[in-house]
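Participant: Could you have a look at this structure, given as structure tokens, before my questions?
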Amino acid sequence: MLPLRQFAAVSFSVAAFAVAALMPVSARACPFCSAPSLTLSEQFAQADSAVLVKWVGGKMPKDDEPGSTQYEVVDVARSPFKWVEKGYKLTLEHYRTGKKGSLALLLGSRTKGDLIEWGAPLDATETVYKYIVEAPEPKAAAEKRLPYYLKFLEHPDPILSADAYAEFAGAAYKDIVKLTDELPREKLRGWLVSPNIQATRLGLYGLMLGLCGEPADATLMEQKIVEDKEEYRFGINGVIGGYLLLTGEKGLDLIEKAKFSPTYQDKKVSFSESYAAMQALQFLWTDGKGRIRPERLKSSMRLLLDRPDLADLVIEHLARWKDWSLQERLMEIYGQEEYDTPSVKRAVIRFMIASTKDVPAGGGEAPPEHAVHGAKNIEQLRNKDPKMVNDAERFFFLY
């Protein structure tokens, strides 16, 4: 399945997309969220001591000395030592600016004897502290944990909002589905079109709206999907995935026109937009529970073979989906000018190898037709590109 996420500018390349494409969507937690990191509840659970402190003062750095900062304990959430109590003053190395009375959360680990190694202070308010202390334990069942964080999504305090999103980014899709009846539909509609929402969260919100939405929401999502944008759009894959959950095969008709064709409304469809739609199809295949028929998903994915810049990724997906009907077409495009790249050639060869391995368990039966044709195709390709085929066989692994 798909530690606290910080929004970062990312330079996306075809290679980066290719690496992501080889990872099944279900191997992640939330399939359309940025990578999860350690949440506040996880940090809190791992700490031996957790206290709310206020800034008292400190010594400024001087020469080679880093200075120090003094704090006073305001409240003790957890500690194995009785001497860690309200009013206790502790001094940390390094000077940290602050105002008298400003609050911070300190997490510490017990070392030898009665010593505590304190981590860096986390600026906090009483609201943040209450949020952390009252949060369900990380080991609690998701159906008990996630409703707590649901109400903090887009909280005015950015610390709470970011951490609540982090909890969902690390949650399994099946657990998000269980919250369908509790999802804030009207808020999700507003967040999806708001210019103030962090772009990295749109994938989650699009997915959620697809779970709880109504026909009117499909129209709103469609408008978002077909927006004329030249830059890479974080989260559009989740919006497309949610849209397809809501609309099924009818919605897939639009996606094919707007994202899979080389052009839409006389404008070029970018690699990133088509790739995002491809990710949505993979999500439907893995987690859509029959919302769109498998054969319909296969036929839709096949359309992208007309996009040479995506062909290698498409072939990888269709091999994983065991669409062996594609063998003849792949033999036709192998080595054609637009497809004459190592990545496409490797993908074709790997596809053929995979087809020969899709045979009944136990043996004893005649190999299926696709396996026989796959073996013949491999030998034809070996005559054309012996080194390419040998390398592919050497490093082959099942999808």
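The values are calculated or read from the model by the stated rules, or taken from the named source; none is laboratory data. Since we're looking at a predicted model, the values are computed, not measured. Neighbour counts are summed over all protein chains in view; Cβ atoms, including those assigned to glycine, are modelled from backbone coordinates with ideal geometry.
Participant: Of the conditions (1) touching a Lys or Arg at 6+ places or on another chain (Cβ under 8 Å); (2) surrounded by fewer than 20 Cβ atoms within 10 Å (Cβ to Cβ); (3) modelled with pLDDT of 95 or more, E316 fails just one. Which one is it?
Facilitator: Result: E316 passes all but (2).
Participant: While we're on this one: Assess whether R307 counts as being assigned by TED's automatic domain parsing to the domain that holds K384, more than 28 Å from M208 (Cα to Cα) and of a type outside the set (V, I, T).
Facilitator: For R307, the condition - assigned by TED's automatic domain parsing to the domain that holds K384, more than 28 Å from M208 (Cα to Cα) and of a type outside the set (V, I, T) - is not met.
Participant: So for segment 387-396 (the condition being among the aromatic types (F, W, Y), more than 18 Å from K322 (Cβ to Cβ) and exposed (fewer than 15 other Cβ atoms within 10 Å of the Cβ)), does at least one residue qualify?
Facilitator: Within segment 387-396, one or more residues are among the aromatic types (F, W, Y), more than 18 Å from K322 (Cβ to Cβ) and exposed (fewer than 15 other Cβ atoms within 10 Å of the Cβ).
Participant: Out of K345, K322, which single residue is closer than 23 Å to Y275 by Cβ, at pLDDT 95 or above and not in a helix (DSSP H, G or I)?
Facilitator: Going through K345, K322 in turn, just one is closer than 23 Å to Y275 by Cβ, at pLDDT 95 or above and not in a helix (DSSP H, G or I): K322.
Participant: May I pose another question? How many of the residues making up segment 288-304 are surrounded by fewer than 18 Cβ atoms within 10 Å (Cβ to Cβ) and of a type outside the set (K, R)?
Facilitator: Here the count works out to 5.
Participant: Quick one: is Y148 more than 14 Å from V51 (Cα to Cα) and not in a loop (DSSP other than H, G, I, E, B)? First the steps, then the outcome.
Facilitator: Details: more than 14 Å from V51 (Cα to Cα): yes; not in a loop (DSSP other than H, G, I, E, B): yes.
The answer is yes for Y148.
Participant: Among the numbered criteria (1) assigned to a helix (DSSP H, G or I); (2) out of contact with any His (no Cβ under 7 Å at 6 or more places or on another chain), which one does S355 miss?
Facilitator: Of (1) assigned to a helix (DSSP H, G or I); (2) out of contact with any His (no Cβ under 7 Å at 6 or more places or on another chain), only one is false for S355: (2).
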